[in-house]
Amino acid sequence: MSGFKVAIVGATGNVGREMLAILAERRFPVSEVVALASTHSIGREVSFGDRTLKCKALDHFDFADTDICLMSAGGAISKEWSPRIAAQGCLVIDNSSTWRMDPDVPLIVPEVNDLTPRACRVAA
Ligand SMILES: NC(=O)c1ccc[n+]([C@@H]2O[C@H](COP(=O)([O-])OP(=O)(O)OC[C@H]3O[C@@H](n4cnc5c(N)ncnc54)[C@H](OP(=O)(O)O)[C@@H]3O)[C@@H](O)[C@H]2O)c1
């Protein structure tokens, strides 16, 4: 199947569940979606469109073949994990304020930056 392998960190949270809903609703071109949360949520089910995903633990996940990681588990998790995930070759899009005003981290504003699937594919 063509498309991006996408991981959602914080998939059981309010924001993470909304991210999953929007990815499905907008038919973002995914080959696989992985729901990640804390070790307490291993096996917990979350919805992705009409499918159900079982959560895995962020701590045990290998991002080497993941294209995009959407981070939404709070600033402390982002600070610790985003650089580690990016070091595995995965594009990290962080939803916390941790990297705000960091000159090395581009700010994405959906209404300003074109993030349509076509644009993503061009940039990938
Ligand atoms: N940009 C914005 O406008 C905006 C707005 C709101 C929030 N945010 C950001 O989004 C974050 C999440 O908000 P929320 O309302 O969705 O919070 P929430 O409902 O409390 O969800 C927190 C999520 O983080 C996960 N998490 C906590 N500790 C973790 C760990 N050690 N490893 C992996 N996952 C862990 C939780 O998993 P478990 O269920 O397993 O604990 C849960 O999935 C906020 O902290 C903030 O940084 C941004």
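Rule-based calculations on the coordinates, nothing more; no lab input. Note that the coordinates shown come from a computational prediction; the quantities given were computed from them, not determined experimentally. For neighbour counting, all protein chains shown are included, and Cβ atoms are generated from backbone atoms with ideal geometry for every residue, glycine included.
Per DSSP helix of 4 or more residues, -39500 (n - 2.57); summed, then divided by the residues of the chain. What does that give at 222 nm, rounded to the nearest 500? Walk me through the numbers before you get to the answer.
On the way: 3 runs with 32 residues, N = 124.
Computed mean residue ellipticity for the chain: -7500 deg cm²/dmol.
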- Kirkwood-based Rg over Rh for the chain (C-alpha set), two decimals? 0.93
- Within-13-Å neighbourhood charge of S38 [Cβ basis; K, R +1; D, E -1]: 0
- Query: What is the chain's relative contact order, in percent, from Cα pairs under 8 angstrom and six or more apart in sequence?
  - Reply: 23 percent
- Query: Roughly speaking, what is the stretch gain from T39 to A76, that is 0.36 nm per residue apart minus the C-alpha to C-alpha distance, in nm to one decimal?
  - Reply: 11.7 nm
- To the nearest 0.05, what FRET efficiency results for N113 and D62 with a Förster distance of 30 Å applied to their C-beta separation? 0.55
- Packing-based ranking, highest mean first, of 75-83, 105-113 given that Cβ atoms within 10 Å are counted: 75-83, 105-113
